[in-house]
Amino acid sequence: MNIQRRSHCRYAVGLIACAAAASALGCDEKPLEPRHKVTGPRVLAMIAEPPEIRPGQSTEVRLVTGGLTVEPEYTWYVCARAEGTATFAAQSTFGQAEPNDACFGDAGATTIRLPFTGSTALIATPANLLQQLAALQAVYGSSISASRLLAIARTAGLPLTVAVEVRHNDPGTDGGAPSNTVLRALKRIVVIDRDDRNANPPPPSFRFGAPRDGGAGGVRMRYVREGDDERCEPDDGAGPLFVRPGVSYELAPDPTEQPWLQTYTVLDTYGQASQQVETAFYSFYSTGGAYWDDRTRIPTRNTKWEAPLRLGPITHWLVVRDGRGGTSACRYTVTVSSDAGTIASRDAAASFEAGASDAASWDASAMDASAIDADR
């Protein structure tokens, strides 16, 4: 295996999820790029540590972002957001309300502005939150009896929505967002009084250039965190990878989910408690090239990335989700170079059926569906 590597990649701090011009509410549907391609400011994930808390506890929410060229202005909120209920019995639909409303429209009740101006926020909850009928009614409905609301809170907890609004004053150069662009992102956290609360997945671990059959080829990537810098880098610490233009490479997340997948309680359509098991989801993003599949789930974890013909560094992100609010992520750099080595893989020479290396003709939503982080 012949691989060239050099210095560590740099980290871009910030946030973004759903972008809208200040003159219009809603998401910017202008780009026709595939959803994995980061061509402007976006929030790729919001991570709450921890994603579930007891009443009286706090959680820190931080953002995984791409496409920022200048430091934005942050405004944070928390609100009780109405969740759907069944006709005859209370049933949480886990945040299926219109995402753009969140804490900003009629869907958000008792919205509180938080005193944070950076890319992280600390969310603290009162010790008696699960006994506050007004908060429970805001989420589950006012037509449900007090005793039933308290029972729901004991079983399913109380979901809160953390929202951030960002004013991005990029002058618009180099493909950046226009001046005064407003960007919004949401994160759902659950306040619940039980011991088996949700935890985030472990940091991503994967192989770059791995064979499709799961063999030992490719380069193992490990997670490194230094302050706000959360990155993945080759396991030997040698630095970013160098690859050849137009060549396809297999990305293979480690098949080690079983130790961390949790069983949790939900309310069924009759308002009765039932058990479900988490599912591991993988989301892939990059500033260039094309993915064969940018969203995968177990047992089919792997995807391919085709390097673009344009030379230079490409930033990638891998986000791991458990399907109910737990999230982990990292960023890494691959440099496309005409004199780079190749990563040994049976599939290394395979090309995408889609055609062009940047896949500009792919039919994909401009919306970042994973921005509603807890819904995947």
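Observations
- Scanning segment 153-162 for residues that are out of contact with any Ser or Thr (no Cβ under 8 Å at 6 or more places or on another chain) and surrounded by 23 or more Cβ atoms within 10 Å (Cβ to Cβ) returns Ala153, Gly157, Leu158, Thr161, Val162.
- The set of residues in segment 306-332 being modelled with pLDDT of 95 or more and of a type in the set (Phe, Trp, Tyr) consists of Trp317 alone.
- Here Thr117, Thr75 are screened, and the one residue that is at pLDDT 85 or above, of a type in the set (Ser, Thr, Tyr) and closer than 14 Å to Leu186 by Cβ is Thr75.
- Going through (1) within 20 Å of Arg62 (Cα to Cα); (2) modelled with pLDDT of 85 or more; (3) of a type outside the set (Asp, Glu) one by one, Leu158 falls short only on (1).
- Residue, modelled with the highest pLDDT, within segment 59-72, restricted to residues that are farther than 18 Å from Ala156 by Cβ and hydroxyl-bearing (Ser, Thr, Tyr): Thr65
- So Gly40, is it touching a Ser or Thr at 6+ places or on another chain (Cβ under 7 Å), part of a loop (DSSP other than H, G, I, E, B) and either at pLDDT 75 or above or of a type in the set (D, E, K, R) (or both): no
- Selected residue [part of a loop (DSSP other than H, G, I, E, B), modelled with pLDDT of 90 or more and farther than 29 Å from Pro204 by Cβ] from Gly56, Gly84: Gly56
- Where a residue in segment 248-263 is within 17 Å of Thr327 (Cβ to Cβ) and its partner, wherever it lies, is of a type outside the set (Lys, Arg) and exposed (fewer than 12 other Cβ atoms within 10 Å of the Cβ), with Cβ under 9 Å and at least six apart: Leu261/Val277; Gln262/Asp196; Gln262/Val277
One line per residue, one yes/no per condition, for (1) surrounded by fewer than 21 Cβ atoms within 10 Å (Cβ to Cβ); (2) in a strand (DSSP E or B); (3) touching a residue at least 12 places away in the same chain (Cβ under 8 Å); (4) among the basic types (Lys, Arg):
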residue: Phe284; (1), (2), (3), (4): no, yes, yes, no
residue: Gly288; (1), (2), (3), (4): no, no, yes, no
residue: Pro313; (1), (2), (3), (4): yes, yes, yes, no
residue: Val319; (1), (2), (3), (4): no, yes, yes, no
residue: Gly323; (1), (2), (3), (4): yes, no, yes, no
residue: Tyr332; (1), (2), (3), (4): no, yes, yes, no
residue: Thr335; (1), (2), (3), (4): yes, yes, yes, no
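- For segment 39-80, a residue qualifies if it is of a type in the set (Lys, Arg) and either crowded, with 23+ Cβ neighbours inside 10 Å or under 13 Å from Gly118 (Cα atoms) (or both), and the qualifying residues are Arg42, Arg62.
- Check on Phe242, in a strand (DSSP E or B) and either at pLDDT below 95 or among the small types (Gly, Ala, Ser) (or both): yes
The values are calculated or read from the model by the stated rules, or taken from the named source; none is laboratory data. As the structure is a computational prediction, the values presented were derived from the model and not from experiment. A quick note on method: Cβ atoms are made from the backbone with ideal geometry, for glycine too, and the neighbour counts reach across all protein chains shown.
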